[in-house]
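Take a look at the structure set out below.
The values are calculated or read from the model by the stated rules, or taken from the named source; none is laboratory data. Because the structure is predicted, anything quoted here is derived from the model rather than measured. Cβ: placed from backbone, ideal geometry, glycine included. Neighbour counts: every protein chain shown. For accessibility, only protein heavy atoms count, side chains too; no ligands or nucleic acids. Shrake-Rupley method; radii C 1.70, N 1.55, O 1.52, S 1.80 Å.
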Amino acid sequence: MEGVSGRHDFYIGLGLALSSSIFIGGSFILKKKGLLKLASRGSIRAGQGGHAYLREWLWWAGLLSMGVGEAANFAAYAFAPATLVTPLGALSVLVSAVLSSYFLNEHLNVHGKIGCILSVLGSTVMVIHAPQGEEVSSLESMAEKLKDPGFIAFAVCVLVSSILLIFVAGPRYGRSNVLVYVLVCSAIGSLSVSCVKGLGITLKELFAGKQVLKEPLGWILLICLVICISVQINYLNKALDIFNTSVVTPIYYVLFTTAVMTCSAILFKEWQHMVLHNIIGTISGFLTIVSGIFLLHAFRDIPFTPDLLPLFLKQGRADLHTFRRGAEKHQSCLHQPLLGPEDIHNGSQSVEEEGESV
C-alpha cells in the first residue's frame, strides 16, 4: 500500500513539475514583451533602475504566469524530491526558446535547437539517476537539518557572495556580463527551495490536524521565502531587460539547478545514499545539460550556412554539385539533335545550291 501511495505521489509531483515548466517558460515571454513595450514608449528601463513595468499589464500577466508556475513548483516539491523537480526545469528553457522565436522574433538557429534537445535529454538522465533524499516528515526533523554546520556554512557563503554581486559586481559589470544578475537569482533561489520544502512539510502537517501554526519555524521559512522571491524577481527583471531571453533562461536554469542540487546534497545528505552508476548517471546528465546550454549561448548569433561546414563536407557538397551538373548536361545532350539549328539551315542551303548548279 505504501508503494502505491509513493508511486501516486511521484506522478502528482511529476505532473506539477511539467505544468510548472510550461507556465514559467511562458512567463519569460510575457515579461519580455512588457519590457519591450515600455522601452518603445521611452520609459526608464528596468536595467537602468526604473520600475515602470509595474504599470504594464503584460508584465503583470507574466508575473501571474510565473506565480502559477511557482505555485505548481511549490506543490511539486511537497510531493517529490528536489532532485526530481529541479532538473525538469529544463523544459521551461525549451518552452521559452520556442515561444521567443515566434513572439519575440529572437532567431533560434540549429545550434540552439540542438542545445534545447540536449538540455531535455540531460534532464531526463538526471531524473532517472537522481539521488533520493532522506524522508523529512516533520518540522522537528527539518529544524535539525537546518542546524547542520555544513548547511549553515553554505547559507553564509550564498548570502555573502550575493551581497558582493549586488553591491560590487553589479554596478561595474551588470550591463556587460549576463552572469552577474543571474548568479544572484540562482544563489538566492537555492535557499528559496529549502524554504519551499519546509513550508510544504508545514502544510502537510497542518492538513493532518497538527498545531503547526504555533511553531516559529514555519513563519520564519515563510518570511525568508518572500524575501528570496522578491530578490529573484528584481534581478531577473534586470537580466531580462538587458540581455536576450534565449540567453538568460538557459543560463539561469544551469546555475539554478547547480545551486539547488548543491544545497539539497548538503541539507538532505542525498549523495551519501547513491550507488556508483547513479553518481555517474547524474554527472553525465548534468554535463549533457551544460553542453546544450553552451550551444544555446556560444553560437546564438551565428547563422548556420554551408560556409560553416567542415572542409570535407564542403568538398563532398562540391563533388555532388559537379556530379549533378554533369548529369544534367549529359541528359541535355541526349535529348538534343546532333546538328544545331544553324548547321541544319546551312546544310539545307548547300543542298539547294547544289541542285541549282546541276
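If each residue of separation counts as 0.36 nm, what is the full-extension length gain between Leu222 and Leu64 once their alpha-carbon separation is subtracted? Length gained between Leu222 and Leu64: 54.9 nm. The slack between Ser40 and Gln272, meaning 0.36 nm per residue of separation minus the straight C-alpha distance, is 78.2 nm.
On a 24 Å Cα-Cα criterion, which of the cross-link pairs Lys113/Lys238; Lys147/Lys238; Lys32/Lys197; Lys145/Lys210 come out too long? Show your work: numbers first, answer last.
Working: Lys113/Lys238 26 Å; Lys147/Lys238 34 Å; Lys32/Lys197 30 Å; Lys145/Lys210 21 Å.
Checking Cα-Cα distances, Lys113/Lys238; Lys147/Lys238; Lys32/Lys197 exceed 24 Å.
Remark on region 136-203: Rg and Dmax equal 15.0, 45 Å (Cα only). Considering only protein heavy atoms, what is the solvent-accessible area of Glu144 at a probe of 1.4 Å, reported in Å² to the nearest 10? Approximately 120 Å² of Glu144 is accessible to the 1.4 Å probe. For region 221-287, evaluate the Debye formula with one uniform point scatterer on each Cα (no solvent term) and list log10 I(q)/I(0) at q = 0.16, 0.24, 0.27 Å⁻¹, rounded to two decimals. So the normalised log intensities work out to -0.75, -1.06, -1.17.
Against the empirical 2.2 N^0.38 Å scaling, what ratio does the C-alpha Rg of region 62-148 come to?
Numbers: Rg = 16.9 Å, N = 87, 2.2 N^0.38 = 12.0 Å.
Output field value: 1.41.
What you get for region 191-243, charging only the Cβ of Lys and Arg (+1) and of Asp and Glu (-1), is a dipole of about 140 debye around the Cα centre.
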